[in-house]
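Heads up: the structure comes next, in structure tokens.
The values are calculated or read from the model by the stated rules, or taken from the named source; none is laboratory data. Keep in mind that what you see is a predicted model, and the values were worked out from it rather than measured. Reconstructed Cβ throughout: ideal geometry from the backbone, glycine too, with neighbour counts over all protein chains shown.
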Amino acid sequence: RGQRSPTPSSSCANICCRDLFGVVGENFSFPVNIRKNPEEIIWTKNKDKVAEWEGQKTTYFTSFRNRSFLNEENGCLTIFNLQNSDAGIYVLEYLSTQKESSLLTFTLTVLPPPSKPETSCNVSGDSFVLKCTADFPKPLNYTWKLNSIPQIVHHVPEVFIPKKDVGASTKAVCFIKFSQTEKSSEISLTECLSDEKGGSHHERSRNGLIAAFICMAVAAIVVFLYKRAVNS
């Protein structure tokens, strides 16, 4: 692995560490844009070189060969098909034409993709209440699309839709998005109405069990009384 040797310079500016998040399988670019004309660019991960440009050509090291790209004009490093092993502390050091050396430090955390969202709905007063949930450790962007009203964009997983604005046949699609990853799930508002009329699935199951128990108890009593009458 290539180790970084200090570069002599007349002055050095160190920018504090910034936390970044990427998703497995995405292409990830570090948010840098060097405004000064660089003469030398070096990227390291956990103090090991991953990419270096010295004014002629770019050299890539270790697992970054064939899966990364260094923009020589602005210093931006892009990693293709991000993997869990790409997590770590990255440092960009560049030397400007004024012989000033600057450092930018980033901590990259790689997250698994969000799960497929689950949608549910119920009725509250004069509105349908739509809920969308997904398993992911960071805040998600939510977009609701209904086939009868304009697109609704929310950053929360729950929306209220007035009954007068939609029909029972309306279908709602929830889109979740983080970075470049987007997933969706669909639900029909008829499910809300069926729950309103017949209660929730759990309530209907519980009521069914109670009814079955009562029927069995009545049948047992009838059999007992019948046998008692015969024996007497």
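What to note about this one:
- All positions within region 31-52 that are in contact with a helix residue (DSSP H, G or I) (Cβ under 7 Å, 6 or more places away or on another chain) and of a type in the set (Val, Ile, Thr): Val50
- Hey, Ile149 surrounded by fewer than 17 Cβ atoms within 10 Å (Cβ to Cβ) and either over 30 Å from Arg35 (Cβ atoms) or polar (S, T, N, Q) (or both) or not: yes
- Yes/no for Val129 being touching a Lys or Arg at 6+ places or on another chain (Cβ under 8 Å) and more than 27 Å from Arg18 (Cβ to Cβ): no
- Filter result for the condition that a residue is within 30 Å of Pro157 (Cα to Cα), aliphatic (A, V, I, L, M) and crowded, with 19+ Cβ neighbours inside 10 Å, over Leu104, Leu70, Leu108, Leu92: Leu108
- Number of residues in region 73-89 that are in contact with a helix residue (DSSP H, G or I) (Cβ under 9 Å, 6 or more places away or on another chain) and surrounded by fewer than 16 Cβ atoms within 10 Å (Cβ to Cβ) equals 2.
- In region 2-56, the residues that are assigned to a loop (DSSP other than H, G, I, E, B), exposed (fewer than 11 other Cβ atoms within 10 Å of the Cβ) and at pLDDT below 90: Ser5, Pro6, Pro8, Ser10, Asn33, Arg35, Asn37, Gly55, Gln56
- Condition check for Trp43: farther than 30 Å from Lys183 by Cβ, of a type in the set (Phe, Trp, Tyr) and within 30 Å of the chain's Cα centre (by Cα): yes
- From the list Phe128, Phe175, the lone residue that is in contact (Cβ under 8 Å) with a residue 24 or more places away in the chain, crowded, with 16+ Cβ neighbours inside 10 Å and either in contact with a Ser or Thr (Cβ under 6 Å, 6 or more places away or on another chain) or not hydrophobic (A, V, I, L, M, F, W, C) (or both) is Phe175.
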